[in-house]
Amino acid sequence: MHARRLAHPLLARRVHARAEDESGAALVEFALVLPLLLVVLLGILDFGRALNYWIDETHLANEAARWAVVNKNPGPFGTLQQSVQQQADSAELRNGGTSSVAGPATVCISFPNGTESIGDPVQATVTATYNWLPFLGNKMGLAQTTIAGTATMRLEAAPTTYSAGCT
């Protein structure tokens, strides 16, 4: 037989009238939910940025530990810690176009066993404070998070060009 028909023409008019009455309801509901969806989306994107920054800090800590174990200062700066801090505070890592990192990074070189002999571990830690949603965070009162990358390696050469400490 043909397509289903409504049993009565009055019922068909009521269904059509109800659909017209509710045509703006979906738009109002969407307008109410949209800000929440945008904040969730921005939070997901910002979490990705924070994760990327943590990966960069861990990479810098790994480089610092590697330079420390071979007793090398890679830059023209005074100490190994200052050289790594200069890289951590570079424009690409520091803000990526926004001010997501508050203040300079802290770079620490330490000897967990307390001795500086060949074969002993040396630990490098790069730490910075991350501002969540920098363009909204100050207005919304979002907290800051300390993000740290750490690497530990064994000394291959006695440390003569650097000493333990933080910048």
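List of remarks:
- Test result for Gly97, closer than 21 Å to Thr145 by Cβ, part of a loop (DSSP other than H, G, I, E, B), under 24 Å from the mean Cα position of the chain (by Cα) and at pLDDT below 90: yes
- Scanning the range 37-68 for residues that are of a type in the set (A, V, I, L, M) and surrounded by fewer than 20 Cβ atoms within 10 Å (Cβ to Cβ) turns up Leu37, Leu38, Val39, Val40, Leu41, Leu42, Ile44, Leu45, Ala50, Leu51, Ile55.
- Residue satisfying all of: in the range 35-77; within 19 Å of Pro112 (Cβ to Cβ) and outside any helix (DSSP H, G or I); modelled with the lowest pLDDT among these: Asn71
The values are calculated or read from the model by the stated rules, or taken from the named source; none is laboratory data. Computed from a predicted model, the values in this text were never measured in an experiment. Here the Cβ is made from the backbone with ideal geometry for all residues, glycine too, and neighbour counts use every protein chain on show.
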